[in-house]
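Student: Just dropping this structure here.
The values are calculated or read from the model by the stated rules, or taken from the named source; none is laboratory data. If you're wondering where the values come from, they're calculated on a predicted model, not measured in any experiment. Here the Cβ is made from the backbone with ideal geometry for all residues, glycine too, and neighbour counts use every protein chain on show. For the accessible areas, the whole protein counts, side chains as well, though only heavy atoms, and no ligand, DNA or RNA atoms are used. Shrake-Rupley method; radii C 1.70, N 1.55, O 1.52, S 1.80 Å.
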Amino acid sequence: MILPREGNCSRTSQPARYTAAVSTSSFRFDQLTYSYGPRRVLDRVAGTTESGEMLLIEGSNGSGKSTLIRCLAGLQRPQAGSIQWIDQGRELDDVARRRGVGWVGPDLSFYEALSAAENLDFFARLRGLAEDPAVEILERLGVPPQRLVGALSSGMLQRLRWSFALQHRPGMLLLDEPFQNLDSAGEDATRALLRQHLEAGGMAIVASPIDLGLASGRRLVLDPTRSGGGA
Amino acid sequence: MKTLLRWSLWLWIALCIVGAFLYAPLAEGFVGQSSRILFFHVPMAWCSFVAFITAGVHAIRYLARRDPAQDRAAEAAVQLGLLFCVLATVTGAIWARVMWGAYWNWDPRQASIVIVLVFYAAYLVLRDAIEDPSTRARLASVYAVLGLVVSPFFFFVLPRIVEFTLHPDSVINQRGSVDMESRMLQVLLAATVGFTALFFWLHRLQIRISTLRMHRESEELVS
Amino acid sequence: MWWFRQVRAVFVKDWRTELRTRHALHTIALFAVSTLLTVSLALGPAGVSAETRTSTLPVILWIILLFAAAAGLPRCFVAEEEGHTAAALRLTAAPSAVFAGKCAFAVALLVGLELLLTPLFLALMGLEIADAAMLVTALVLGALGLGTASVLVAAMVAQARGRGALFPVLSFPLLIPLLLLAVELTRGAVAGSLPPGVAEQLLLYDASLIVAGLMLFPVIWNP
């Protein structure tokens, strides 16, 4: 599904112990509309994805990709439209959806006064996790766990975002520019995590302004000229 | 139909004004003609109360349905409520000067009306400070609901500060019975009904204005 | 049970970041102490005359506490929004648990401040306390209400512009009943006698703020 890149780093070749907790589910959104005041950024956007599949969202800067991802995560409320996540025949409400997604985005930040491990430990407690797989992911991605988040480089911060997103074995990964600031080793490792997530039956929605070289059955192109008119 | 209603409202209020000055007798124990202010002061205080309750109801409806029209209605009600609140405070202060010798006495009702005034002025300041319309509507509605929760405390906390009140028990006294000359009571009730109708009419106008303004702003942005 | 674990996690996290950065701790403590020094220096060696001490000095104590809270507590949410950590918190924690954890943090901070400020205040102002238990009741119930209201308003202010100035504008009208009741209770502690029902009303105020907060906070917190 994902085009393998050259020069895989050694970490990704380790046996996969990460498994997503879902078997069959679907995620669809329809007629999503979002305006910042009178400025409409999303105009009746629709899309769908299923277990083990990935939806790619493409579009230039300012076409509303981040807004769409934030709406899907439940961090912004669209003015109109519906979002429906059915997990094993059961529909998840807003609260369950917020808790159930793994979100990576440029505006995901952590407590700078706490170390990477302390941050993840805090979120593990909030998520009610008995054992925290993020520690392993952190190690696998090579993030120094004891370093304060304020002292992490932007690439390390991106790796930490991935660890946060995968911490609770989410059924849905919402990735907004998932590989930004990553070096090639980091990109390979996170691509491997995404592949494993999909192979284990998870879903993913990936937004990026550039072609990430991800093979995907479904594509959604956001066109700012169409949605800017405020029809 | 609407025109008829509007004209009957004008007529009703005109009759109230005439009644207040010519029909109703003067109350005992009041300086000069000062008791006549009652027919305007009480209905205006009542209207601000109605307006803030209306705002609270629209705020709760907004939070339940997230319909921006409900938020505009709440904002309009607060604006009008503030107008009536200021008018009631000013008429009250003028009357207090005549009767008690000072514009301001920290009478419990004076104090509570001025706190309510500050509270809803803060509501408008909060609206001004938020740019995103849906965030603005959401937080302003929460603040209006908080007002409903806290305001009952004004009524039994403030009398502690000034244990005695000079304020006349205007309509309903401690015994729970209506103790007022019947012609005065007729005019007062008629004025209260008239002012309440006036409030709801102004409220609808204000909602229409804010809706039109919103449409114009979005049209300007598109063109 | 899980809810309580979330509350504890938020509380522990807030204290841990606070002890490392000391934003609120330093601001609140220094603000309170320097205000106290300013007031006591401005009053001079004569202080407040004997007849009015009981009624005046509790007011000064609570005004200092109120302003110290306004100076330090907004940070507890402003830091989450400015640091963009609010999004991660929204995705992982139940809103009511965030509210309860933040309230616990704010109340603990205020109680700590009172432990520092009150003895200093009593010593500098030469105020004798007749009923120490009543003073403790006033301080604890006051901190509970002040902390809860501050957390609610801080969560709103954090999403608006002009945060520093907006916080007192929104919180003071809400806090007037609390302030009056806490002052009354402190006066009772100084005088050794108290009109009945003050502590009960203060408790009722705190309880209604907490209940309203638990209901309204999810709306403030989630878009």
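Student: Among the residues of segment C:193-223, which ones are open to solvent by 40 Å² or more (accessible area, probe 1.4 Å) and either assigned to a loop (DSSP other than H, G, I, E, B) or among the charged types (D, E, K, R) (or both)?
Tutor: Those that are open to solvent by 40 Å² or more (accessible area, probe 1.4 Å) and either assigned to a loop (DSSP other than H, G, I, E, B) or among the charged types (D, E, K, R) (or both): C:Ser193, C:Leu194, C:Pro195, C:Pro196, C:Glu200.
Student: Turning to a different aspect of this structure: When you go through (1) at pLDDT 95 or above; (2) more than 17 Å from B:Leu148 (Cβ to Cβ) one by one for C:Ile210, which number turns out not to apply?
Tutor: Single failed check for C:Ile210: (2).
Student: Going by what's in this entry, would B:Ala74 be described as in a helix (DSSP H, G or I) and crowded, with 21+ Cβ neighbours inside 10 Å?
Tutor: Working: in a helix (DSSP H, G or I): yes; crowded, with 21+ Cβ neighbours inside 10 Å: yes.
Here the answer is yes, as B:Ala74 does meet what is asked.
Student: Moving on to the next point. Restricting to segment B:111-130, name every residue that is open to solvent by 20 Å² or more (accessible area, probe 1.4 Å) and more than 7 Å from chain C (Cβ to nearest Cβ).
Tutor: Passing the criteria: B:Ile113, B:Val114, B:Val116, B:Leu117, B:Ala121, B:Leu124, B:Asp128.
Matching residues to (1) open to solvent by 10 Å² or more (accessible area, probe 1.4 Å); (2) among the aliphatic types (A, V, I, L, M); (3) more than 7 Å from chain C (Cβ to nearest Cβ):
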position	(1), (2), (3)
A:Trp103	no, no, no
A:Pro106	yes, no, yes
A:Phe110	no, no, no
A:Asp121	yes, no, yes
A:Val135	yes, yes, yes
A:Leu141	no, yes, yes
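Student: Given the options C:Cys103, C:Cys76, name the one that is in a helix (DSSP H, G or I) and modelled with pLDDT under 90.
Tutor: On the way: C:Cys103 fails: modelled with pLDDT under 90.
After applying the criteria, what remains is C:Cys76.
Student: Looking only at segment C:187-211, count every residue that is in contact (Cβ under 8 Å) with a residue 24 or more places away in the chain, within 8 Å of chain B (Cβ to nearest Cβ) and within 30 Å of A:Gln76 (Cα to Cα) and tell me the total.
Tutor: 1
Student: Also: What number of residues within segment C:154-186 are at the interface with chain B (Cβ under 7 Å from one of its Cβ atoms), open to solvent by 10 Å² or more (accessible area, probe 1.4 Å) and touching a residue at least 12 places away in the same chain (Cβ under 8 Å)?
Tutor: 2
Student: Could you grab me the full set of residues in segment C:93-125 that are surrounded by 23 or more Cβ atoms within 10 Å (Cβ to Cβ) and either of a type in the set (Ser, Thr, Tyr) or over 22 Å from the mean Cα position of the chain (by Cα) (or both)?
Tutor: Hit for segment C:93-125 is C:Ala93, nothing else.
Student: Give B:Gly176, B:Gly101, B:Gly194 a once-over and let me know the one that is at pLDDT 90 or above and either open to solvent by less than 40 Å² (accessible area, probe 1.4 Å) or away from chain C (no Cβ under 14 Å) (or both).
Tutor: Working: B:Gly176 fails: at pLDDT 90 or above; B:Gly101 fails: at pLDDT 90 or above.
The match here is B:Gly194.
Student: Limited to segment A:148-170, what total is found for residues that are of a type in the set (Gly, Ala, Ser) and either in contact with a Lys or Arg (Cβ under 7 Å, 6 or more places away or on another chain) or open to solvent by less than 10 Å² (accessible area, probe 1.4 Å) (or both)?
Tutor: The initial filter retains those residues of segment A:148-170 that are of a type in the set (Gly, Ala, Ser), namely A:150-151, A:153-155, A:163, A:165.
With the extra rule that they be either in contact with a Lys or Arg (Cβ under 7 Å, 6 or more places away or on another chain) or open to solvent by less than 10 Å² (accessible area, probe 1.4 Å) (or both), the set shrinks to A:163, A:165.
The qualifying residues number 2.
Student: For segment A:195-223, which positions are open to solvent by 20 Å² or more (accessible area, probe 1.4 Å) and either in contact with a Pro (Cβ under 7 Å, 6 or more places away or on another chain) or in a loop (DSSP other than H, G, I, E, B) (or both)?
Tutor: Scanning segment A:195-223 gives A:Ala200, A:Pro209, A:Ile210, A:Asp211, A:Leu212, A:Gly213, A:Ala215, A:Ser216, A:Gly217, A:Asp223.
Student: Mind checking whether some residue in segment B:131-144 is within 14 Å of the chain's Cα centre (by Cα), in a helix (DSSP H, G or I) and in contact (Cβ under 8 Å) with a residue 12 or more places away in the chain? Show your work before the answer.
Tutor: Kept after step one, since they are within 14 Å of the chain's Cα centre (by Cα), are these residues of segment B:131-144: none.
No, because not a single residue in segment B:131-144 is within 14 Å of the chain's Cα centre (by Cα), in a helix (DSSP H, G or I) and in contact (Cβ under 8 Å) with a residue 12 or more places away in the chain.
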